[in-house]
Amino acid sequence: MRQSAPPRCGRSALALLLAFPTLFPGLEAQYLDPPPPSAWAIEGATIVQVDGSEQEGVTLVVRGGLIETLRAGAPIPADARVIGGNGSVLRVYPGFIDGHGSASTSFPVPNRDGISSWNPTREVQNFTPHRRASDYLTATGESVEGDRRRGVVASVVFPGRGPLPGQLSLILHSPDARTARELVLNPSLGQVMSFQGAQGAYPGTLMAVQAMLRQAFADAEHYEATRAAYTSDPRGLGMVAVDEDLERLGEVTAGEVPVYFLADGAEEIRRVLSLADELGFRPLVVGGQRAGVLAEELARRRVPVFLSADFPEPDEWDPEQESEDALSPAAHREKVDLEEIFRTAGLLEAAGVEFAFTSGGEAGLDLLENVRRAIEYGLTETGALRALSADPAALLGVPQLARIEEGMSATFVVADGPLFEEGTAIAWTFVNGVAEKGSEPRAPGAEGGDGEVPADWAGRWSGSVSVEGQEIPVSITLVSGAAGWSGTATSPTGPDQPIQNISIDGSDISFSIPVPDMGGSASFNGTRSGDAISGQGSLSGPAGGMAFTFTFRRVEGGAR
């Protein structure tokens, strides 16, 4: 039987695009949201590696979650959405790794019914080495969006407070992670310890906490010895129940896992080092804001520091005040105290201590802004970059996170200028090839700040619309007049169509083009970078549901 011909469509490129649902009914409403571009390209970028070396004029292409191309002068794929080019100042750096992050968790509240303060359960004491932070993680890719926009691509989640609250977990800030489980890179990095007492129960004082820690390690040693003896010869011995908490402490004393010990002051850190010698664990200091005093000893003992950049703000002292003679006694004392904290990173670097910056678990902290303060007080820019990326990556067992190379995961940040220059912002963050926009890139030649792309949008832009693997050539002409913006869309095979509802905001543009053949219109939403516009669109109307991507490049200017 002869089949009837498919419905006839208009000859314009957009009509052909929007006829796809009619020609192939199975494709109708396949996407609720426009799909991401099949590739990303950063044009004319400066690549900055962790050692501070730079390569200028590089084309970086991301496809399938990986860095496909990293080469100066490389061609840009036709299907790529373009970032940068034409004199832009975009610079690519390794992403930041927060060694003490703030992703959301939900830990159980211990039952205190009938519990005596002098004989509490382990849960009340916060003595739970078996507990992993990842098992109580409630974060998703969407909930860590704020961190990503500030350049943080991964972070460490802590298991709560107390003397021995449990094991830390490492998460990757994947934008498309729908569940907490999809974020986890390593559920168990090591044990957390601190001198924090239990609330309303033993151990509630520093002396009691130290006594409890010593007893816990002695119990773990006895437990291991008893289990080994029973395994060797069970005669005359009762069976010993499994104790996960003591087994985890056994791993610590065997040197299998490190201890992340929360400590800030010099005296507190000395206490950690002494306890590590006594109990036989491998320490990493977390917090360490006054660790500069002990920099030489920490370097000699090869003890790393996860340094909190959650610096206190001055109350009495005005850092902008140039003359010290005008400082009040209170302001002078505060200045001396805070400057000791600000100098810590520089002192650790000078002594050769391996350290990494953290937000100190403070949600919303701008790591980059606070690290600039450390640079003002002696830290080198190369040391700062390493402490934000390569050093935490190495300490956490994921050195690949800081590598910007062909074939590696496309996980990095794009800044609109030199990273540690005042006013520079994170313009884009890539995690496993998924891009997320940060602040607006500054205009070419701008001296700093978030400056907008110049508003010279008028003129002809030539490019294509991509749908279901097919490229349809389209060009648009934009004209600015007294009544606002207007324009036309043209394809080689059909008549011009008017461009409507044009809205331009900085580097963003949106507009629609009617498609009378299909009884609807095509909506376009794009972002301009230099002389390129890339974005996504969809069809509205009776045949709605088809999504597409588009790329236009400027071919000639026009009257404004």
Computed over the range 127-283: relative contact order in percent, which uses C-alpha pairs under 8 Å that are six or more apart:
21
Considering the zone a paramagnetic label at ARG301 would reach in this model (a point 7 Å from Cα along the Cα-to-Cβ line), which residues of the range 140-173 have amide N under 20 Å from it?
163-164
Which one, LEU213, VAL240, MET193, projects farthest toward the positive side of the charge dipole computed for the range 191-246 from Cβ point charges (K/R +1, D/E -1)?
LEU213
Looking at the chain, send over the antiparallel percent of its DSSP beta bridges, to the nearest 5.
75
Cβ-based charge dipole, the chain, positive-most Cα from LEU273, LEU327, GLY65:
GLY65
Return the long-range amide H neighbours of THR69 (sequence gap of 5 or more, or a different chain), with a cut-off of under 5 Å between placed amide H atoms.
VAL61
Accessible area per residue for the chain in Å², computed with a 1.4 Å probe and the full protein assembly in place, what is it?
45
What is the range 29-179's relative contact order, in percent, from Cα pairs under 8 angstrom and six or more apart in sequence?
20
Roughly how big is the chain's charge dipole about its Cα centre, with Cβ charges of +1 (Lys, Arg) and -1 (Asp, Glu), in debye to the nearest 20?
1960
For VAL515, residues with placed amide H under 5 Å, excluding near neighbours
GLY520, SER521, ALA522
For the chain, what does the relative contact order come out to in percent, with C-alpha contacts under 8 Å and a separation of six or more?
17
Among (i) 26.3; (ii) 27.0; (iii) 24.9, which one is Kirkwood radius over Cα pairs in Å computed from these coordinates?
(ii)
Other-chain or far-sequence residues with amide H under 5 Å of TRP428's (modelled H):
VAL414, GLY438
Is the C-alpha gyration tensor of the range 346-444 telling us rounded, prolate or oblate? Criteria: a/c under 1.5 is rounded; beyond that, a/b larger than b/c is prolate, otherwise oblate.
oblate
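The values are calculated or read from the model by the stated rules, or taken from the named source; none is laboratory data. Keep in mind that this is a model prediction, so the values were computed, not measured. As a convention, Cβ positions derive from the backbone with ideal geometry for all residues, glycine included, and neighbour counts pool all protein chains shown. SASA here: full protein model, heavy atoms, side chains in, ligands and nucleic acids out. Shrake-Rupley method; radii C 1.70, N 1.55, O 1.52, S 1.80 Å.
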